[in-house]
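Asker: Dumping the structure here so I can ask a few things about it.
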Amino acid sequence: HVQDGLVMPHGHPDWGFLGDWVPPGRGQGKEERVDDESTLFFNNAYWLLSLQRMQAIATVLGDDASARRYAEQASALRARVNARFFHAAAHTYANGEQPYQALALLAGLPQADERARVLQVLCDDIAARGGHQLRFGIGRA
């Protein structure tokens, strides 16, 4: 369901919500998984990606009214997600781990003047792990 313009948990209390729960170094138990706030970010960033894709599909189909509606919804959600999950002082989203930095960049969440800093946090974390340890599984379809 949606509350205050953000999608909220629903369904099964442990597994009824999307998330990158088991990145390297974590287990599947509730106490080992990613924190709830980061999972909430993941779901809302993914919803933003879905709205962006729907806008693109409507544009290709020549449905300008739907494309505008999806663009407006995406813009409003982007503002809400940034307000709730972006930590300006650290240039991070959610808990600042790789999946959330990468998803924020993929969804186009950072403002233009923050994008390079958000990317730098991600790159610095990868470099700190020897430059070869990615800790996420986000792809683009």
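Asker: For VAL7, all conditions in the list (1) at pLDDT below 90; (2) surrounded by fewer than 15 Cβ atoms within 10 Å (Cβ to Cβ) hold save one; what is the number of the exception?
Answerer: (2)
Asker: Within the stretch 15-129, which helices (runs of 4 or more DSSP H) (wholly inside it) include 1 or more residues that are touching a residue at least 12 places away in the same chain (Cβ under 8 Å), surrounded by 14 or more Cβ atoms within 10 Å (Cβ to Cβ) and aromatic (Phe, Trp, Tyr)?
Answerer: 36-60, 64-85, 98-106
The values are calculated or read from the model by the stated rules, or taken from the named source; none is laboratory data. Since the structure is predicted, the reported quantities are computational estimates derived from the model, not experimental observations. Because the Cβ atoms are built from the backbone with ideal geometry, glycine has one as well, and the counts that use them run over all protein chains shown.
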